[in-house]
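Structure record follows, encoded as structure tokens.
What follows draws every value from the coordinates through simple rules; no lab data is involved. Because the structure is predicted, anything quoted here is derived from the model rather than measured. Cβ placement follows ideal geometry from the backbone for every residue including glycine, while neighbour counts extend to all protein chains displayed.
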2 protein chains.
Amino acid sequence: MRIESVEFFYLSMPVVTTEADGSQDALLVRVRGGGFTGHGECEAAPLPSIAAFVCPMSHGVCRPVGASVLGRTLDGPADIARMAADVAYDSMDLLQAAHTWSGVEMALWDLLGQARGEPVWRLLGYSASNRRTPYASVLFGDTPQHTLERARAARGRGFRAAKFGWGPIGRGAAALDADHFVAAREGLGADGVLLVDVGQIFGEDVGRAAERLPALEAAGATWLEEPFAASAYEAYAALAARGSSVRTAGGEGAHDVAMARHLMDFGRVGFVQIDCGRIGGIGPARQVADLAAARGVTYVNHTFTTHLALSASLQPYAGHAPDAICEYPAEPKPLAVELTANRLERAADGSVAAPDAPGLGIEIDADAVRRYLLDVEIRVKGEVLYRTPAV
Amino acid sequence: MRIESVEFFYLSMPVVTTEADGSQDALLVRVRGGGFTGHGECEAAPLPSIAAFVCPMSHGVCRPVGASVLGRTLDGPADIARMAADVAYDSMDLLQAAHTWSGVEMALWDLLGQARGEPVWRLLGYSASNRRTPYASVLFGDTPQHTLERARAARGRGFRAAKFGWGPIGRGAAALDADHFVAAREGLGADGVLLVDVGQIFGEDVGRAAERLPALEAAGATWLEEPFAASAYEAYAALAARGSSVRTAGGEGAHDVAMARHLMDFGRVGFVQIDCGRIGGIGPARQVADLAAARGVTYVNHTFTTHLALSASLQPYAGHAPDAICEYPAEPKPLAVELTANRLERAADGSVAAPDAPGLGIEIDADAVRRYLLDVEIRVKGEVLYRTPAV
């Protein structure tokens, strides 16, 4: 089939706060071809991501993402890989291209799956979609008491595993952070899987990160996520060299396969976390899953938004590591909940898996799109390059 | 002083082609404060770069670049570093932020230099602006004969050093590329400095790059630039391990200090080339210059556009390595030539240097801005977030 249209829908909560909660807005992508429709989602920064699709060409290796997609043939996974290679080469001077392409790529897999009546994980060559133990992804509270309550609430909703992120951690004394770790463990229970995410707060400062290790070890944390800036491989490696039982996790900032590989090979992380909405979609994420398996690094999805993004993020490692965990947005904003007509609900045993339905197996709720849709228009030289499309 | 305004001007040639010539458009930045004006230039992709400055916040670590700049205090270099840190942390989920911030950062240095009556290189702590041997940066011809003519023309214009880039190299057989290298050397003369840039054409394929080494050695090339993708450190290191007299060069794709450091430490390049319009401006480029000096790697600017960008790109290493070369746009499009009222002309001995005038020492030609200015408007929810400002 031919890719007939690629449309972007910028959705937003009426009020967006400075909370580190990426579910406050969304950039939904709709791709059409051959009578079928596919959906994808770019992670964050909708306006520049739209601009990267429609912008005028600057020169031969700074072309808009749209130039590598619109009108192209889509008959199999190799066509998606070919478009990905063209975006990488022809848009190399356009940083936002990776974010923009990610949502489009997802939508192309969904479209291909719809056309073939196959789930994406099967198109990726997997014979099964393994079930995952979801971990609730929540933010640390402002106080240890607040963190304790959030941990109890997660456990109360049946989550055996939970990740606590951001909040006050790393902004004050290590002792205060330790109180939060204790509170999270207490709320989650002795048998819970406790994960901690500090959102790059230590920059490249290995000492400040290492100061938190004893308390993390005492709380029995499984990983310390993003202690450092996304590319601070040296700092990651230095922390790993401390030999703590708490391994580092990272990778959400990777916007190509090489960055994820470097985090494993140079940064020696124990867990590599890939966001399909940033790394260029499902194809590159699958490459990382293979690289991780070959290295004994545990692959985990990074997903903090909708169940469309969640389904996409489960596909790349659907056939890998039967007992692995997965990130599961536990307290997303209403926008993220309402955007999809169906959701990947947990089974009786608490597990989730990439669905067996064609494509990504997720249906969009058109009314929700209308409710949260922002009216956007971009004009250059009097010509409308982008206008919010009809739902 | 307070940063009162930051304005973007999207300039473009009437016709933009797929030629790998980044001087076909420009994104000029004008910053005002305390009665003074500073200018900077973002490298490539104007529309998403503008969007990254004005976009609505998505969440706490996906804020528009403008949020870290507008209304802030600028009294010294530390204030610029503080804004840079805020952009890095508060806009980490916004890939285009690095490109956008680069032009703003340059303009802030220019503004600070105007206010203090000092050239930027002095604000950076250098006591002298060393003179550089400029190399003409031109594209390979379509045929070896065409390349020969371009090399002769460069020599004819007094350039002892020249870099040939892109064109057909790496797209066909190694033997054809060898003919181009021979032609470039012949046209340049036996005593000329010959540099070759292949624009990431080999991706991560070390074998195909290595195939070209014998011909490059025979032609006496000084470096082979960007044989691989910007983050393919392993491929860079593997090529370096061949021990050729032709060292690799790279770094223009670095959009933070870590990427440049990794290219040196993991990729073992002999030359690190930094574009101030991409790496986040003059401050981070200066950090790379220091890191390079400490490693025995040669720092070189990457500049293919205007003399505003050229002046900015000479500042970070103005006090380093007295005998170094510099990239000098030799055949830019009229837009890039006309944009500045003054230019860094070569002295009688052929050399150039960062100017002694305050700031970046470059004056903008308002009429040229008007001639090439594109009318752009971005609206979200009926509100105009960006409209081309008055010149």
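State the antiparallel share, in %, of DSSP beta bridges confined to the protein assembly as shown, rounding to the nearest 5.
Details: 53 of 111 bridges.
Antiparallel bridges make up about 50 percent of those DSSP assigns within the protein assembly as shown.
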quick shape note, chain B: Cα extents on principal axes in Å, largest first -> 57, 45, 42
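Efficiency by 1/(1 + (r/R0)^6): what FRET value for residue A:17 and residue B:15, r their Cβ-Cβ distance, R0 = 60 Å, to the nearest 0.05? Mind dumping the intermediate values first?
Values: r = 45 Å, r/R0 = 0.75.
That gives a FRET efficiency of 0.85.
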So for segment B:76-163, what percent of the C-alpha to C-alpha distances run longer than 22 Å? 56
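Can you put B:266, A:228 in order, fewest other beta carbons within 10 Å first? Before the final figure, lay out the partial values.
Numbers: B:266 18, A:228 26.
By the 10 Å Cβ count, ascending: B:266, A:228.
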With each label point set 7 Å from Cα along the Cα-Cβ vector, what nm distance links residue A:173 and residue A:320? 4.2
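Taking 51 Å as R0, compute the FRET efficiency from the Cβ-Cβ separation of residue B:149 and residue A:375 and round it to 0.05. Don't skip to the answer; put the middle values down first.
Working: r = 54 Å, r/R0 = 1.05.
That pair, residue B:149 with residue A:375, gives E of 0.45.
Peptide A:141-153: average number of partner chain Cβ atoms within 10 Å per residue? Could you put the intermediate results ahead of the total?
Numbers: counts 0, 0, 0, 0, 0, 0, 0, 0, 0, 0, 0, 0, 0.
That average works out to 0.
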Ranked by Cβ crowding within 10 angstrom, fewest neighbours first, how are A:143, A:17, A:298 ordered? A:17, A:143, A:298
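Tell me which GluC sites (Glu not before Pro) from segment A:361-391 have a DSSP coil assignment and no more than 15 other beta carbons within 10 Å of their own.
Values: sites: A:363, A:377, A:383; in loops: A:363.
Sites meeting the loop and neighbour criteria: A:363.
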Long-range Cα-Cα pairs in segment B:282-371 (distance over 24 Å), rounded percent: 23
Inter-copy label distances at residue A:220 (7 Å, Cα→Cβ; nm, one decimal): 7.2
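Taking the Cα centre of segment A:252-391 as the origin, how large is its charge dipole in debye, to the nearest 20, when only Lys and Arg (+1) and Asp and Glu (-1) carry charge on their Cβ atoms?
Working: 13 positive and 18 negative charges, 83 e Å.
Dipole about the Cα centre, nearest 20: 400 debye.
At 222 nm, what helix-only mean residue ellipticity would chain B give, in deg cm²/dmol to the nearest 500, using -39500 (n - 2.57) for each DSSP H run of four or more? Write down the numbers at each step before the final one.
Working: 14 runs with 138 residues, N = 391.
-10500 deg cm²/dmol, from helical runs alone.
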In Hz, Karplus ³J(HN,Hα) per residue of segment B:218-234 (6.51, -1.76, 1.60; θ = phi - 60°; x = Gly, Pro): 4, 7, x, 5, 7, 9, 10, 9, 6, x, 10, 4, 4, 9, 7, 4, 4
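Per-residue mean of other chain beta-carbon atoms within 10 angstrom of the beta-carbon, peptide A:376-387? Don't jump to the answer; show the numbers that get you there.
Values: counts 7, 6, 10, 7, 10, 5, 4, 1, 1, 3, 2, 1.
If you average over the peptide's residues, the count of other-chain Cβ atoms is 5.
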Pick from B:49, B:244, B:313 the residue whose mean-square fluctuation is largest in a GNM of chain B, springs joining Cα atoms under 10 Å. B:244
Expressed in nm², what is the orientationally averaged projection area of the convex hull enclosing the Cα positions of segment A:224-277? 3.2
Computed over the Cα atoms, what is the radius of gyration of segment A:72-125 divided by 2.2 N^0.38 Å, N being its residue count? 1.18
Return one number: the angle in degrees, 0 to 90 and rounded to the nearest 10, between the long axis of the Cα atoms of helix B:174-188 and the longest principal axis of the Cα atoms of chain B. 80
Which FRET efficiency value, to the nearest 0.05, do you get for residue A:363 and residue B:356 by plugging their Cβ-Cβ distance into 1/(1 + (r/R0)^6) with R0 = 51 Å? 0.20
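Express the relative contact order of chain B as a whole percentage, based on alpha carbon pairs under 8 Å and six or more residues apart in sequence.
Details: 906 pairs, mean separation 76.7, N = 391.
Dividing the mean separation by the residue count of chain B yields 20 percent.
I need the shape label for segment A:130-193. Rule: rounded when a/c is under 1.5, else prolate if a/b > b/c, else oblate, with a, b, c from the alpha carbon gyration tensor. Display every interim value, and only then the final one.
Working: a/c = 2.23, a/b = 1.86, b/c = 1.20.
Cα axes put segment A:130-193 in the prolate bin.
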Based on alpha-carbon positions alone, could you give the equivalent ellipsoid semi-axes of the protein assembly as shown from the gyration tensor, as √(5λ), descending, whole Å? 43, 28, 27
